[in-house]
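Asker: Below: one structure in structure tokens.
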Amino acid sequence: MKKNVSMQIKLMLSQKSLHYTLIVLSLFSCVAFLVNCISNFGRPITDVPNAYFFFIGSSLSEGFYYIFSIILPIICVIPFADSYFRDRNKNTLPIIILRSSPVKYYFSKGIAIFISGFIIVFISLALNFLLNFIAFPVSKGCDFTMFPTYYSDFYIKGYWSDNILLKNLFVGYPYLYNLLFLFIISIVGGVYSIIVYNLSYFTKKQHIMMLASMFVLSNVFAIISTVTNNFNIRLENYCFAFSQFESIDPTNIIIMTVLYLLMIFVPIPFCFKKLRDVI
């Protein structure tokens, strides 16, 4: 199994789609950083917000956060989530499976695909986090005097006391808080890649639709959350730092978690059957 995983990871790291996606996301991180530098150029240092404000994995970064949350479900699946699809269409699948086994193939491929979704998100967010940390003022705790009126009022009036996930960590250690969510968003990227990987076993020719499936599903969940106003099951509404302003309903979180676990684990026996039929 270890050999199979190693082989799939090497294959994943050699993909041009991984390199191109990583370049695009890294450029996005750098552009966000440069825009923030330009917008704060010439201001007195006391008026420049702290570095954690500009992290694109946090809703405090506003515009760039929204763009990143929209493209996340599709950008993380491009590098390697369609790997089974490509193996099958190149007619190399029977040979690979005969050299290992359906179970080893599925899980080794799945591990590599999860890592691909994780690393492109992690590297791009970490780059943005590091650039902001170097260029902008750094303080120990959270300075609410720098917040836009909406955010500061939200805190001062106590509206967010039960709504923001890990609120005490954010107030005391905002950079650690951002780093934690950096990892969470990266894990979400890996999860999205696995879901699309499972879907690829049941897709014959619709390559583009397969890659866009997670993007479409995420937007369907967003529409449901908007229309119902209190049925929030869109994962991006929870995985980004400082994005949970609406009341957190444990029922919604449970339903959302169950839905994603079902999308990950229910297809597995059917995927095994598909692989056994190849031999």
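The values are calculated or read from the model by the stated rules, or taken from the named source; none is laboratory data. None of the values given here were measured: they were computed from a predicted structure. No Cβ is skipped: glycine too gets one built from the backbone with ideal geometry, and neighbour counts run over all protein chains shown.
Asker: Go through the residues of region 232-241 one by one and say whether even a single one is free of Cβ contacts under 8 Å to residues at least 60 places away in the same chain, loosely packed, with under 13 Cβ neighbours inside 10 Å and on the phi < 0 side of the Ramachandran plot. Explain how you work it out, then say what you get.
Answerer: Of region 232-241, the ones free of Cβ contacts under 8 Å to residues at least 60 places away in the same chain are 232-235, 237, 239.
From what's left, loosely packed, with under 13 Cβ neighbours inside 10 Å: none.
Checked against the condition, which is being free of Cβ contacts under 8 Å to residues at least 60 places away in the same chain, loosely packed, with under 13 Cβ neighbours inside 10 Å and on the phi < 0 side of the Ramachandran plot, region 232-241 yields no hits at all.
Asker: I would also like to ask the following. Under 6 Å between Cβ atoms, which residue pairs at least 6 apart in sequence (or on different chains) link something in region 67-88 that is closer than 22 Å to C30 by Cβ and among the aliphatic types (A, V, I, L, M) with a partner that is at pLDDT 90 or above and outside any loop (DSSP other than H, G, I, E, B)?
Answerer: Note: pairs meeting the criteria are I78/S17; I78/T21.
Asker: Scan the helices (runs of 4 or more DSSP H) fully inside region 60-117 and keep the ones with 2 or more residues being closer than 15 Å to T21 by Cα and either touching a Phe, Trp or Tyr at 6+ places or on another chain (Cβ under 9 Å) or not polar (S, T, N, Q) (or both).
Answerer: Values: elements: 63-75, 83-89, 93-99.
Helices (runs of 4 or more DSSP H) meeting the threshold: 63-75.
Asker: What number of residues within region 71-100 are at pLDDT 90 or above and surrounded by fewer than 20 Cβ atoms within 10 Å (Cβ to Cβ)?
Answerer: Final tally of qualifying residues: 2.
Asker: Now for a separate question. Of everything in region 236-266, what is at pLDDT 80 or above, touching a Phe, Trp or Tyr at 6+ places or on another chain (Cβ under 7 Å) and not in a helix (DSSP H, G or I)? Give them in sequence order.
Answerer: Correct list: F240 only.
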